[in-house]
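Asks: Sharing a structure below in structure tokens format, with a few things to ask.
The values are calculated or read from the model by the stated rules, or taken from the named source; none is laboratory data. From a predicted model like this one, the values you see are computed outputs, not experimental measurements. For neighbour counting, all protein chains shown are included, and Cβ atoms are generated from backbone atoms with ideal geometry for every residue, glycine included.
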Amino acid sequence: MGELSGTIPAPAAIEECRVDDDHPFDLDAVVAGGRPLVIRGLVREWPVVKLARQSDTAFAQRLAELDNGADVTTLLIAPEGDGIIGYAPDLSGFNYQHFKVSLTLGLRRLASYSRRDNAPGLVIQSVPIRDCMPGFLAGHALPFLDPRVEPRLWMGNKVTTPTHFDSQHNIACVVCGARRFTLFPPEQLPNLYIGPLDYAPTGAAISMARLDRPDDPRYPRLKLALAAAQVAELHPGDAIYMPPLWWHNVESLEVLNALVNYWWSPVEVDGYNTGHARAALFHCLLAFRVLPPAERANWRNLLDYYVFGNEEAVAHIPEDRRGVLGPLTAETAEELKKGARLHL
């Protein structure tokens, strides 16, 4: 794959829609489109969003009132880390310290850091809201989602979560501050220089290339990814839908930023859902990486045909004899599990 020479074109804007009384949100249509979408005003009526528009203080005071005192996962990045969650320079560790503190204490530290130049980066990361402020749930919901889909809180100062992907569908709602989302289509994977799958900050494999350093000689293909990037800046009340496997880099732009997100898998049969796909990646690495090239190629053909193919694989088989190649039901899911255990 070649390199992009010359000036990188400005990134495209992520497609947008606006939600109001005359334009309701159609989740099924958005998911079927398979493309990211900025949803302006989706949660503009949430009480905490209205407070955030008044001031950071009003927003923080309300969250402190809702805090039940539970400890939450908190990362602290030294000032020299530029607020970017990532690795130590030699990959011997990560560039942050890990703490467990209450939400209220985290808010106090953020308030203190907002008055300092060259402050540390602080982020409260992926906390189930039911665990830390269950009183938030009643007045802040997305009615078009299954109520079993639980929201999570992400809050901090000017911190960047590097380019990574989710294996589930994701709606992220900005409730305070501002965030810039830079998205890349799944096919840009070879140009993003992803770090180790099993040794990653916060558990999600991330790009080792900084988007603000496109001329870094260690990552010459990054410019190709940037040429395919899509960007949007979100403010309180705005949301974004990101399909599975779309790479996204998220920059928090203010001294206080907060986001509530929802992950879900729409296909579920008897407790089995497509959220298991990431685990399947590790099984594939175990099963296929050590095979000779010709054998790997043969398995790729088999997977393309049976897993990623179309009706051609079963069109010649009567429907009542398609077995595990038929629709995913509780019965076929159980047969697939049995087959997987049998061949381990």
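Asks: Mind checking whether some residue in region 110-131 is in contact with a strand residue (DSSP E or B) (Cβ under 9 Å, 6 or more places away or on another chain) and farther than 28 Å from residue 50 by Cβ? Break it down into steps so the answer makes sense when it comes.
Replies: If we filter region 110-131 for residues that are in contact with a strand residue (DSSP E or B) (Cβ under 9 Å, 6 or more places away or on another chain), which is where we start, we get 110, 113, 120-131.
Pick out the ones that are also farther than 28 Å from residue 50 by Cβ and you get 120.
The answer is yes; a qualifying residue exists.
Asks: Going through region 135-158 one residue at a time, which ones are more than 23 Å from residue 70 (Cα to Cα) and surrounded by 15 or more Cβ atoms within 10 Å (Cβ to Cβ)?
Replies: 142, 145, 158 - these are the residues of region 135-158 that are more than 23 Å from residue 70 (Cα to Cα) and surrounded by 15 or more Cβ atoms within 10 Å (Cβ to Cβ).
Asks: On to the next question. Could you please give the count of residues in region 159-186 that are surrounded by fewer than 21 Cβ atoms within 10 Å (Cβ to Cβ) and closer than 24 Å to residue 57 by Cα?
Replies: The total comes to 2.
Asks: A further question on this structure: Conditions first: (1) among the aliphatic types (A, V, I, L, M); (2) within 21 Å of residue 169 (Cβ to Cβ); (3) not in a strand (DSSP E or B). Residue 231 passes all but one, so which condition is the exception?
Replies: (3)
Asks: Inspect region 188-203 for any residue being surrounded by fewer than 17 Cβ atoms within 10 Å (Cβ to Cβ), farther than 30 Å from residue 46 by Cβ and at pLDDT 95 or above and give the result as yes or no.
Replies: Yes: one or more hits.
Asks: If I go through region 54-98 residue by residue, how many of them are under 28 Å from residue 196 (Cβ atoms), among the hydrophobic types (A, V, I, L, M, F, W, C), more than 21 Å from the chain's Cα centre (by Cα) and at pLDDT 95 or above?
Replies: So the count comes out to 1.
Asks: A follow-up question, please. State yes or no: is residue 147 without any contact (Cβ under 8 Å) to a residue 12 or more places away in the chain and under 22 Å from the mean Cα position of the chain (by Cα)?
Replies: Yes, satisfied.
Asks: State whether the residues of region 205-228 include one that is in a helix (DSSP H, G or I), under 17 Å from the mean Cα position of the chain (by Cα) and assigned by TED's automatic domain parsing to the domain that holds residue 127.
Replies: Going residue by residue through region 205-228, those that are in a helix (DSSP H, G or I) are 222-227.
Restricting the remaining residues to those that are under 17 Å from the mean Cα position of the chain (by Cα) gives none.
No, region 205-228 has no match at all.
Asks: Listed residues 218, 180; which is modelled with pLDDT of 95 or more, more than 26 Å from residue 140 (Cα to Cα) and among the basic types (Lys, Arg)?
Replies: Of the residues listed, the single one that is modelled with pLDDT of 95 or more, more than 26 Å from residue 140 (Cα to Cα) and among the basic types (Lys, Arg) is 218.
Asks: Only one of (1) outside any helix (DSSP H, G or I); (2) closer than 24 Å to residue 337 by Cβ; (3) under 16 Å from the mean Cα position of the chain (by Cα) fails for residue 258. Which number is that?
Replies: Result: residue 258 fails condition (2) only.
Asks: Return the only residue of 321, 296 being within 33 Å of the chain's Cα centre (by Cα), at pLDDT 85 or above and not hydrophobic (A, V, I, L, M, F, W, C).
Replies: Sole residue among the options that is within 33 Å of the chain's Cα centre (by Cα), at pLDDT 85 or above and not hydrophobic (A, V, I, L, M, F, W, C): 296.
Asks: Oh, and also: Which of the strands (runs of 3 or more DSSP E) found entirely inside region 117-179 contain at least 3 residues meeting this: closer than 25 Å to residue 104 by Cα?
Replies: Ranges flagged: 121-128, 151-156, 169-176.
Asks: Identify, by number, the condition in (1) closer than 19 Å to residue 240 by Cβ; (2) basic (Lys, Arg); (3) modelled with pLDDT under 95 that residue 152 doesn't meet.
Replies: Answer for residue 152: the failing condition is (3).
Asks: Further, regarding this structure: Sort through 31, 43, 72, 49 and tell me the only one that's in contact with a His (Cβ under 7 Å, 6 or more places away or on another chain) and in the same structural domain as residue 222 (by TED's automatic domain parsing).
Replies: Step by step, each of 31, 43, 72, 49 is checked, and only 31 is in contact with a His (Cβ under 7 Å, 6 or more places away or on another chain) and in the same structural domain as residue 222 (by TED's automatic domain parsing).
Asks: Of the numbered conditions (1) surrounded by 12 or more Cβ atoms within 10 Å (Cβ to Cβ); (2) outside any helix (DSSP H, G or I), residue 315 fails exactly one; give the number of that condition.
Replies: Condition not satisfied by residue 315: (1).
Asks: Tell me yes or no: at least one residue of region 106-114 is within 17 Å of the chain's Cα centre (by Cα) and assigned by TED's automatic domain parsing to the domain that holds residue 19.
Replies: Within region 106-114, none of the residues are within 17 Å of the chain's Cα centre (by Cα) and assigned by TED's automatic domain parsing to the domain that holds residue 19.
Asks: If you scan region 188-204, which residues turn out to be in contact (Cβ under 8 Å) with a residue 24 or more places away in the chain and assigned to a helix (DSSP H, G or I)?
Replies: If the condition is that a residue be in contact (Cβ under 8 Å) with a residue 24 or more places away in the chain and assigned to a helix (DSSP H, G or I), then 188, 189, 190, 191, 201, 202 are the ones that fit.
Asks: For region 106-116, which positions are in a helix (DSSP H, G or I) and in contact (Cβ under 8 Å) with a residue 40 or more places away in the chain?
Replies: Listed by number, the residues that qualify are 106, 107, 110, 111, 113.
Asks: Another question about this same structure. Which residue is farthest from residue 39 (Cα to Cα), if the candidates are limited to region 229-258 and must be of a type in the set (Val, Ile, Thr) and buried (at least 21 other Cβ atoms within 10 Å of the Cβ)?
Replies: Residues of region 229-258 that are of a type in the set (Val, Ile, Thr), as a first pass: 231, 240, 250, 255.
Filter again for buried (at least 21 other Cβ atoms within 10 Å of the Cβ), leaving 240, 250.
Numbers: 240: 6, 250: 16 Å.
Within region 229-258, the match that is farthest from residue 39 (Cα to Cα) is 250.
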